[in-house]
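Right, one structure below, let's go through it.
The values are calculated or read from the model by the stated rules, or taken from the named source; none is laboratory data. The structure displayed is predicted, hence computed values, not measured ones. Quick reminder, even Gly has a Cβ in these numbers, built from the backbone with ideal geometry, and neighbours come from all protein chains shown. Keep in mind that these areas ignore ligands, DNA and RNA; they rest on the heavy atoms of the full protein, side chains included. Shrake-Rupley method; radii C 1.70, N 1.55, O 1.52, S 1.80 Å.
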Amino acid sequence: MQILDSKKENAIWPLFRLGFRVFFLGGALVATLSMLLWIFQLSGQNLIPGIHNSIWWHAHEMLFGFTLAIIAGFVLTAMQNWTGIPGVRGWPLAIASILWFLPRVLLPFLGEKSWLVMILDIAWLPLVAIFLARPVIQVKQWRNLFFVPLMLLFTILNALSYYAAYSNDWLLAERIFITTVLAITALITVMGGRVIPFFTARATDTEKPMPIVSLEWVCLGSIWLATFAWLLLPRTETMNMIVAILMILAAVSNIVRIARWKPVPALKVPLLWILHLGYWFIPVGLLVFASALLEQTTTISNASHLLTAGALGSVILGMIARVSLGHSGRPLQPSKWMTVAFAVVLLAGIIRGLTAMIAPSYLAESYQVSGVLWILAYGLFVVFYWPVLTKPRIDGRPG
């Protein structure tokens, strides 16, 4: 427990008392509104007049606007538990969140070639990296310093995505966005290995399986190697084969890994089954991705959506629902409507990821249906978690 000055804590607007609050709520809002604008765009109604390439905008905002905000909120909050040092709060947190928020509002009107938007959007992740580095260095907990260069990597990828947009280089933009998808997927495998077995053991009163070191090295090493191979190697048949082999290795090792996490008992608990089922999109997505590279059975875009609309959408919704309850002093029992949201977001991922392969004639309709389901799922989170994230903890403790 952190012992903080209660007067100082009470003087802080609850939204800025810990990173999960502002970034979870803001990220969910972006996930909802950006998808709504995207559906209008697909329907021929342009509500993002400043954007030159709407596909660039959609990919950028779902990755750097939505997903990275959730990651920042999670790690900023978890770092307090890991290091024992109070997490960033108050004005420093507000400044970081404003730097993140302004580009989300300005981008649709000023466009992806606006220098103001670029500067603001590239600035916020290095600030988060500084917030993460300070407690780690202070307590010399070098294991968790991993997140600092990771945030800097995402900063570089974000900057390169703007460079690609500015120079009208879509091939570079695609390479950067896919790299970002793979890097975020790799991060989910890292964090999933830390928290999913732990959450499962606690909620089901079972023994937590100890990780197999060799399996962890293969699982994590292969997906990180695939990420950097995709970013750095030339796009040739040989490169595609190397990346595909690494993805198959990562998929198989992840299947073994998640099978050890006691998935059957987890099916009785909504806050668990959303994490377990959502995580299954990772090996499936990697296998489909490898198939797209080797046999061209589907497009890279369709394969990557199993990792984004599927894994990212489902695991993120499950994590933010659980973390928000736990860190606001509430019982770990989501409402029935959030259980509906979990099922809906899983369905959205399935429809978006698999329609191209099993019913390609309905591909255009699948975009609309999965988008509406996504809006419903994250819209429900915004509605039911708004009071949770904007009000003080119900137990009176700080955070």
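Quick notes on this one:
- Filtering segment 104-119 to residues that are over 18 Å from the mean Cα position of the chain (by Cα) and open to solvent by less than 30 Å² (accessible area, probe 1.4 Å) leaves LEU107, PRO108, GLY111, GLU112, SER114, VAL117, MET118.
- Tabulated pairs, segment 319-336, first at positive phi, second open to solvent by 60 Å² or more (accessible area, probe 1.4 Å) and at pLDDT below 90, C-beta under 7 angstrom, 6+ apart or interchain: GLY329/ILE394; GLY329/ASP395; GLY329/ARG397
- Helices (runs of 4 or more DSSP H) contained in segment 230-294 and holding at least 1 residues β-branched (Val, Ile, Thr), at pLDDT 95 or above and open to solvent by less than 20 Å² (accessible area, probe 1.4 Å): 237-259, 270-294
- Total residues in segment 114-144, condition within 19 Å of ILE156 (Cβ to Cβ) and not acidic (Asp, Glu): 17
- Residue in segment 23-44 that is open to solvent by 50 Å² or more (accessible area, probe 1.4 Å) and not hydrophobic (A, V, I, L, M, F, W, C) present: yes
- Residues of segment 188-207 satisfying the condition of being part of a helix (DSSP H, G or I) and open to solvent by 10 Å² or more (accessible area, probe 1.4 Å): ILE188, VAL190, MET191, GLY193, ARG194, VAL195, PHE198, PHE199, ALA201, ARG202, ALA203, THR204
- Taking the listed residues GLY349, GLY353, the one that is modelled with pLDDT under 95, open to solvent by less than 20 Å² (accessible area, probe 1.4 Å), in a helix (DSSP H, G or I) and of a type outside the set (Lys, Arg) is GLY353, with no other qualifying.
- The condition of being within 30 Å of VAL195 (Cα to Cα), assigned to a helix (DSSP H, G or I) and either without any contact (Cβ under 8 Å) to a residue 12 or more places away in the chain or of a type in the set (Phe, Trp, Tyr) (or both) holds for only one of ALA59, ALA78, that being ALA78.
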